[in-house]
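Remarks on the structure that follows.
The values are calculated or read from the model by the stated rules, or taken from the named source; none is laboratory data. Quantities reported herein were computed from a predicted structural model and do not represent experimental measurements. Here the Cβ positions follow ideal geometry from the backbone for every residue, glycine too, while neighbour counts run over all protein chains shown.
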Amino acid sequence: METAMLTAAAPYLIEQDYAAYTDEQHSVWAELVGRALPELEKHAAREYLEGFDLIGLEKDRLPSLAAVSARLQPRTGWNATAVSGFMPAPAFFEMLAVRRFPTTTWLRSREALEYTPEPDIFHDVFGHIPMHAHAVFADFLEHYGRVCATIADAALLEKLGRLFWYTVEFGVIRQGSACKVYGSGLISSHGECLHVMGGHCAIHDFSLDEVIQTPVKVDELHRLLFAIESFEQIYEAMHEAEQRVLRGVL
Ligand SMILES: [Fe+2]
């Protein structure tokens, strides 16, 4: 897909300079992945683990966004597109609406393995991109971007932001008798994942009404998250949200 169709996002598009990554950075990536994967093999949704394999992530080398996208795009049309960092909402939604995920290219340092205030390539690629190989999740995320791109009202966008937060970023799903993680914030944060899987967080059944009424707290571990039964559930919730936006009742 051409980048020419992006207007709001255009100032944020960059090239990933893969050759510039140092051995130390590849080694930090390897440490992050080596620490996370054994836990995720127990606690991640099977769709995440399938996506991880499908997009060809390597455990000991930072990912090339071009290589990841070459495997992802034929499956679902999604692409990991390099951006310079945090983006304003219109630019972010514009990219989601055309199945381009804004992806940072910098990597946290060894001194900050557990936490970065802003997303880095470990959060964006390891955390987010594997789920984009799942057809229903892929459709949901594009639809989310398309709907949000048409909205200027801040209160509406805050409610829809909660839907994103409690699914894409911190979603859990019931599989068999267990709760599994699929949200990127849980996948890419060892501490937060263990906190939730250790039973230190209440888990309610997903409901669009409760999710859009539950404020987001970015500076503390979660005390409440929402479990879906299937990815069709968030796909349908997004269509319901769109209908409510159109009727002025979200
Ligand atoms: Fe994220």
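If you scan the range 176-206, which residues turn out to be of a type in the set (S, T, N, Q) and loosely packed, with under 13 Cβ neighbours inside 10 Å? Before you say what the answer is, go through the steps one by one.
Residues of the range 176-206 that are of a type in the set (S, T, N, Q), as a first pass: 177, 184, 188-189.
Answer for the range 176-206, where residues must be of a type in the set (S, T, N, Q) and loosely packed, with under 13 Cβ neighbours inside 10 Å: just Ser177.
Among the residues that make up the range 127-148, is at least one of them outside any helix (DSSP H, G or I), more than 13 Å from the ligand (Cβ to nearest atom), touching a residue at least 24 places away in the same chain (Cβ under 8 Å) and hydrophobic (A, V, I, L, M, F, W, C)?
No: zero hits.
Based on this model, can you work out whether Ile173 counts as more than 16 Å from the ligand (Cβ to nearest atom) and assigned to a loop (DSSP other than H, G, I, E, B)?
no
If the requirement is being farther than 20 Å from Pro117 by Cβ and within 16 Å of the ligand (Cβ to nearest atom), which of these qualifies: Leu160, Leu156, Leu246?
Result: Leu160 is the single residue among Leu160, Leu156, Leu246 that is farther than 20 Å from Pro117 by Cβ and within 16 Å of the ligand (Cβ to nearest atom).
Could we say that Val172 is under 17 Å from the mean Cα position of the chain (by Cα), modelled with pLDDT of 95 or more and surrounded by 20 or more Cβ atoms within 10 Å (Cβ to Cβ) here?
So Val172 passes the test.
For the range 70-122, how many residues are in a loop (DSSP other than H, G, I, E, B), among the β-branched types (Val, Ile, Thr) and away from the ligand (no atom under 13 Å from the Cβ)?
Residues meeting the conditions: 2.
Please list, ordered by first then second residue, the pairs with beta carbon atoms under 7 Å, 6 or more apart or interchain, first in the range 221-243 and without any contact (Cβ under 8 Å) to a residue 24 or more places away in the chain, second assigned to a loop (DSSP other than H, G, I, E, B).
Filtered contacts from the range 221-243: Arg223/Cys201; Leu224/Cys201; Leu224/Thr214.
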